[in-house]
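Shown next, in structure tokens, is the structure this report addresses.
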Amino acid sequence: MTDSDPDNWPVVAWRRQVSYGESRWAIFDCGMVRFLTRMMLAEFDGCPLGDASLWGRPGAFVSWREQRRRLVAGLDPLTGEPDPYAEMFPISDDD
């Protein structure tokens, strides 16, 4: 870090799997929020981490409050799409 403003600090990531001769450490000249956004939107040339489970998955995180709101509204808690089985198992805010 060379700047007193944390928003200007680069992200340094350790990668588990690398090709022979590559460094396990990778530096990304962006802040952490931008790094996570770019990773989840697959905006890097390749996955910057050894684990690609979040690579290109912008909807991977849904807070428990939003999941609950969707469930009560009859929507799929993770996708927000209509749940065809919602009427079979009604849930209210009181549950």
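The values are calculated or read from the model by the stated rules, or taken from the named source; none is laboratory data. Values in this document were obtained by computation on a predicted structure and should not be read as measured data. Note: ideal-geometry Cβ built from the backbone for every residue, glycine included; neighbour counts use all protein chains shown.
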Filtering segment 39-76 for residues that are modelled with pLDDT of 85 or more and more than 22 Å from W14 (Cβ to Cβ) leaves a count of 13
Expected output for segment 19-34 (first residue among the β-branched types (V, I, T), partner surrounded by 10 or more Cβ atoms within 10 Å (Cβ to Cβ) and in a loop (DSSP other than H, G, I, E, B), Cβ below 7 Å, 6+ apart or cross-chain) is I27/P10
Going through (1) outside any loop (DSSP other than H, G, I, E, B); (2) surrounded by 11 or more Cβ atoms within 10 Å (Cβ to Cβ); (3) out of contact with any strand residue (DSSP E or B) (no Cβ under 7 Å at 6 or more places or on another chain) one by one, D7 fails only at (2)
Among L36, L54, L71, L49, the single one that is in the same structural domain as E87 (by TED's automatic domain parsing) and either surrounded by 12 or more Cβ atoms within 10 Å (Cβ to Cβ) or part of a helix (DSSP H, G or I) (or both) is L71
